[in-house]
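Read through the structure below, which is laid out as structure tokens, and then see the notes.
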Amino acid sequence: MKSEIKKIIKLFKDKKGALISILQEVQKKYGYLSSEAISALAEELKISENEIYGVATFYTQFKFTKPGNHQVKVCLGTACHVRGGHGIMETVERQLNIKHGETTKDSQFSLERVACMGCCALAPVMVVDNDIFGKITSTKVKNILNDYNRNGGKKQ
Amino acid sequence: MITINGKKITYKEGKTVLETARDAGIYIPSLCTHQELEPFGACRLCIVKIEGMQGFPTSCTTVVRDGMVIITEDEELQKVRRNVLEMLLSEHPNTCIVCKDKSECEECHFGPTKAGRVTGCNFCPNKEICEVREVADYLGLEDVRLLFEYKNLPLERDDPFFDRDYNLCILCGRCVRVCQDIRGRGTLAFTQRSHRTKISTAFDKLHLDSECGFCGACVDVCPTGALSARGSKWYGDADSCTDSACLLCSVGCTFSFESKWNRVMAAIPRRDGSTGGQACSRGRFCIPQLLNGSDRLKQPMIRKNGKLIPVNWDEAMTYVAEKLKKFTNDKIGIIASPSLTNESAYTLQKFARVALHTNNIDVPTSDFTSPIMKTIVASSSAISNEGKIKNLEKAKWIIVLGRRIFLPSSALNPSIYRAKKKGAKIILIDNETKAKAPRNVDVNLKLGVIQTLNLFYGIIYKLFNANPNLVKDCVNYGAFVKSVKNMDKNKLGKDISKQVEKITKIIENSKGCIIFDQGALRCSNPEAIVNAIMNILILSGNPDGVIPYYDGGNDQGICDMGATHQYLPGYTMISDSASIKKFEKLWGTTLPKKGKNYREMLDGGVKALYLTEAVPEKKLRNIEFLILQDIYPSKIMDKADVVLPACAFTEESGTVTSLERRVQKITQAVEGPGLAKPDWKIICDLAKKMGTKGFDYKSHQHIFREIKETVPFISSEGIWSFKDKPPRLFPFTIEEKINELPSTPPRYHYRGADIVERVDDFRIQIEKGGA
């Protein structure tokens, strides 16, 4: 990992204020910012890892847990909120046994809340990877997630 | 001239409105500013009105300009401030602050009530010194109209020394800034954002895993009870505060000792000291636990029938006096603890020379101190009054020999970091091949002691040849030039020559400092290294930049006082029969010309030994009569014939000398336990019992007056220096016969008390590798 990170830092050598760009590159490479990646960065950049972590946590774009094989996004925008998005979120959380922002133990799913997917007519909306599921109910959620789990990622 | 609240006030260029107002005695509330830290503008309480400026500028970030008309207090400002404070308090437990019965409650609640969770001021460890309450009182806040939201964060109590309850945090950022900007650590950072913003480490790791040095700077600046020292948080108001200094290492940080029930409960760093209010975990947190142990020596004891029996002082003194008379003078030895005060050390060496007629007196750290003293006495020119630690900040390069000086909590670290921020290059030379270089180090060379010496010779060669005329006026110039010319560069080795190039490039044409600890001198000819260090500093124009990092709290002072076998007070050579006449006349005695050093004394050179500090008991040989004068029992007590209880540095008054040769006061904060007495008093009593004259000192000041007479360079408190001595160069030859001695791990102790053993939290810190 260290050599990879050195390579990334080289891209931004001697540029001031490049920390966020570096973090973005690291996230692009690994999918998230692991604690190892941050300590390696700290050592190379000669700033403390706590400082880097502080900067990174300010931005929602950075993730600190390894993303699962499937990205589940539940919309809690205005329309979805009105049509019971929170109930959907709760169901998904219970089904996967994680909170939003986390990844399941078997690294199959990671769950995120989003503000609007731009298809409010379909509310409430859930998105798995790139597939959009509209007008979903708690029962449907279970089936959808089960399908993904069984088929290893392919939609039925 | 500016106007504040209608009053004309003179100002200093470059100061902020807040500083100017405070200097003039005008209070402006603020929770995020701190005199040590850069303005931050976070709390918005210090807003003022300035004519010609829009809105309410924050006074902490506004620089004073001529002719400003400022209003710091009116109903409009107070209203805005109250609103700001209400918002702050909507996330900080506030029931007690706005309680109607506050004043009656205060009358019956003395100090904080111990509680698991802090839900109000009465349960807060910071109750007595809370800045939030101060501001609320000033603004006359009666109600918080916003809904209170308790953050319900877990208490963080798994780290040594201090607890963290971020439910009380108001996010002023002082701790983050002091950790990053002053200490250069960056253990704390703002994480997350908006409502969830929190001060924390990366991934909420323990401080033990986050490069924390446990210096306590964050605890000292926290305006709330969010950060609190675990050992002292529940004692409430102290009975008394005593300004004094710490003796656990030689940096000489000044502290205010808070005492209650005749015990030191906390040590708060004082900002007027040489380190500017920065200390280390030992000074900040360890002193109470270290010195308040229940097993402190409280009574004199004499060995009778194989057992140590408590006796009174008179009996003990009579016994010792009679026993000592049975030994011939050169068979009696005295070990002076580097933790004695100057007064005690002076009395002790006078006792050795006048009462016992012996020069067998030395410090246990003499391997380190004696080569330093020899070189310093020979070379030291006048040094600046500012002090070496303050000057460290101005250095353009700093060579550090020994990783220990770099350990995160070392009180020299902030000064090194400040220099680094101003562009200084930091070079660390150590031999720990596995350890990573600390973050603030620019160059880390892994060299043994002998290689380091060769590196220095190479640097001296380069520096001298670059500018030979610079040092023309120095003593020994001719001999030095000769030795440089005779130097065989090939003897240095290829690797070293490369390093020489590298380091010389950094240090040439600029002034710098060299800090070294005892590990740097571990070879058969330690003097050569000290000489080389002095040569480099003189060649780079800053002979004042030598900083020896002693282990003992008062190593420098003990040597100044002449409690060593080569020197009388003030570095008068013991063999110099002309100079010692002055002392013979003053003390009314004839002085012996020779003495044994520490090793010789322990190795069977003496039969009766007077210890003022426990030494490793395995080293003792052929001792027939052993006196131990200490604060705690130790293994060597099994061999002691007499045990005398002494006072620790919080229990006596006197002066000590720090590594920058700053003579500073220590003041008695509490009474010693049981019958314990200050060392100088014990020694004087003993001398009187032995019928020796000249020990009728009434107080420590009385002794200091005599010190001033005998030691010409010490006139009062403050930095001492030899006046008008030109710098001296040291000729050298590259020796091939020098051996490197094995290095020993650093010992953290104060007299017989091992800090690692006695303070659990410190042990945990050491085990994690950062002290």
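The values are calculated or read from the model by the stated rules, or taken from the named source; none is laboratory data. No experiment lies behind these values; they were computed from the predicted model shown. We place every Cβ from the backbone using ideal geometry, glycine too, and count neighbours over all the protein chains shown.
Just a few scattered comments:
- Filter result for the condition that a residue is touching a helix residue (DSSP H, G or I) at 6+ places or on another chain (Cβ under 9 Å), within 29 Å of B:T201 (Cα to Cα) and either within 14 Å of chain B (Cβ to nearest Cβ) or in contact (Cβ under 8 Å) with a residue 24 or more places away in the chain (or both), over A:V92, A:V55: A:V55
- Residue ID - nearest to B:C249 (Cα to Cα), chosen from residues in the range B:656-695 that are of a type in the set (S, T, N, Q) and crowded, with 24+ Cβ neighbours inside 10 Å: B:S658
- Those strands (runs of 3 or more DSSP E) lying entirely in the range B:154-214 with at least 3 residues more than 12 Å from chain A (Cβ to nearest Cβ): B:162-164
- Residue count for the range B:589-619, restricted to those that are part of a loop (DSSP other than H, G, I, E, B), over 15 Å from B:V642 (Cβ atoms) and not charged (D, E, K, R): 9.
- Residue within the range A:18-40 that is over 20 Å from B:F203 (Cβ atoms), away from chain B (no Cβ under 14 Å), of a type outside the set (S, T, N, Q) and touching a strand residue (DSSP E or B) at 6+ places or on another chain (Cβ under 6 Å) present: no
- In this entry, B:A771 is excluded by the filter for residues that are at pLDDT 90 or above, closer than 30 Å to B:K390 by Cβ and part of a loop (DSSP other than H, G, I, E, B).
- Which numbered condition B:I450 fails, given (1) more than 17 Å from the chain's Cα centre (by Cα); (2) assigned to a loop (DSSP other than H, G, I, E, B): (2)
- Evaluation of B:Y150 against (1) surrounded by 12 or more Cβ atoms within 10 Å (Cβ to Cβ); (2) more than 34 Å from the chain's Cα centre (by Cα) (one fails), failing number: (1)
- Evaluation of B:F649 against (1) under 25 Å from the mean Cα position of the chain (by Cα); (2) at pLDDT below 90 (one fails), failing number: (2)
- Odd one out for A:K73, checked against (1) surrounded by fewer than 18 Cβ atoms within 10 Å (Cβ to Cβ); (2) of a type in the set (D, E, K, R); (3) away from chain B (no Cβ under 14 Å): (1)
- The residues in the range B:19-70 that are among the hydroxyl-bearing types (S, T, Y) and either under 22 Å from B:V219 (Cβ atoms) or surrounded by fewer than 19 Cβ atoms within 10 Å (Cβ to Cβ) (or both) can be counted, and the count is 4.
- Exactly one residue out of B:K420, B:K436 is surrounded by fewer than 18 Cβ atoms within 10 Å (Cβ to Cβ) and of a type outside the set (A, V, I, L, M, F, W, C): that is B:K436.
- Flag for A:G118 being more than 14 Å from every other protein chain (Cβ to nearest Cβ) and either under 13 Å from the mean Cα position of the chain (by Cα) or not in a loop (DSSP other than H, G, I, E, B) (or both): no
- Against the numbered list (1) within 14 Å of another protein chain (Cβ to nearest Cβ); (2) within 28 Å of B:S658 (Cβ to Cβ); (3) outside any loop (DSSP other than H, G, I, E, B), B:S244 comes up short only at (1).
- Only one of the numbered conditions (1) in a helix (DSSP H, G or I); (2) at the interface with chain B (Cβ under 8 Å from one of its Cβ atoms) is violated by A:I47, and that is (1).
- Residue within the range B:299-308 that is assigned to a helix (DSSP H, G or I) and of a type outside the set (G, A, S) present: no
- Filter result for the condition that a residue is of a type in the set (A, V, I, L, M, F, W, C) and more than 30 Å from B:T590 (Cβ to Cβ), over B:I361, B:I376, B:I399, B:I372: B:I399
- Counting only residues that are in contact (Cβ under 8 Å) with a residue 40 or more places away in the chain and touching a Phe, Trp or Tyr at 6+ places or on another chain (Cβ under 9 Å), the range B:669-689 holds 11 of them.
- Selection from the range B:620-647 of residues that are closer than 29 Å to B:A669 by Cα and assigned to a loop (DSSP other than H, G, I, E, B): B:I631, B:Y632, B:P633, B:S634, B:C647
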